[in-house]
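Everything below concerns the one structure shown next.
Just so it is clear, none of the values below were taken in a lab; they were calculated from the coordinates. Predicted model only: the values in this text are computed from it and were never measured. Every residue, glycine among them, receives a Cβ derived from its backbone with ideal geometry; neighbour counts consider all protein chains shown.
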C-alpha cells in the first residue's frame with residue numbers, strides 16, 4: 001500500500017533571542033504536541049507562499065523568510081511527511097492562537113521541556129547545534 005505524502009512548510013521564527021512554538025489542536029493528528037508553526041502546501045503554491053499564508057491564517061503574523069534551512073523526511077504509520085524548514089524573522093502582527101491551542105516564545109535551550117512530534121526531532125537537534133549557548 002502506498003502511503004500519502006504531505007509537504008509542509010515550517011517557520012523557525014526568531015524574535016529577541018526566542019523561537020516561536022505552537023501547540024497542536026486536540027482534534028489534530030498528534031494532538032497536544034508542540035511544533036514549529038507552518039502548514040500543508042497547496043499544489044500551486046511555493047513553500048514560501050505556503051508558509052506566509054499559514055502564518056497569517058493561523059497566527060495572524062508576518063515574517064521575513066531569510067533562507068531555506070533544511071528538509072526532513074519522516075514516515076509515520078499512516079503517511080509520509082516532507083518538512084521544509086525556513087529561518088524566519090518576526091516582522092509584525094500580534095500573535096493569536098487561531099489555528100493552534102496556544103503559542104509560546106521560548107529560548108532554544110527551553111525546547112527540551114516540550115513534547116514535539118517525532119518528525120521534528122532532527123530539527124530540534126539542528127537548533128541546539130546552532131544555538132548551544134543560548
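When the Gaussian network model of the chain links Cα atoms closer than 10 Å, the mean-square fluctuations of 76, 90, 107 top out at 76.
The stretch 33-92 and the stretch 94-113 have Cα centres separated by 15 Å. Working from label points 7 Å from Cα in the Cα-to-Cβ sense, the residue 80 to residue 101 distance is 3.1 nm.
With a 10 Å cut-off between alpha carbons and a GNM built on the chain, which of 30, 12, 111 moves the most? Highest fluctuation of the listed residues: 30.
Put in order of Cβ neighbour count within 10 Å, fewest first, the listed residues 88, 100 become 100, 88.
Relative contact order of the stretch 21-72, please, whole-number percent, based on alpha carbon pairs below 8 angstrom and at least 6 residues apart. It would help to have the intermediate numbers written out before the result.
Numbers: 39 pairs, mean separation 11.0, N = 52.
Relative contact order, the stretch 21-72: 21 percent.
Under the definition of Cα pairs under 8 Å and six or more residues apart, what whole-number percent is the relative contact order of the chain?
Across the chain, relative contact order equals 32 percent.
Neighbour counts of other Cβ atoms within 10 Å put 63, 81 in the fewest-to-most order 81, 63. Which one of 80, 13, 65 has the biggest mean-square fluctuation once the chain is modelled by GNM with Cα springs under 10 Å? Of 80, 13, 65, the most mobile in the Gaussian network model is 80. Stretching residue 7 away from residue 40 to a fully extended chain increases their span by 11.3 nm, per 0.36 nm per residue minus the current alpha-carbon distance.
Quick one: order 5, 22 by neighbouring beta-carbon count within 10 Å, fewest to most.
Numbers: 5 11, 22 21.
Result, fewest neighbours first: 5, 22.
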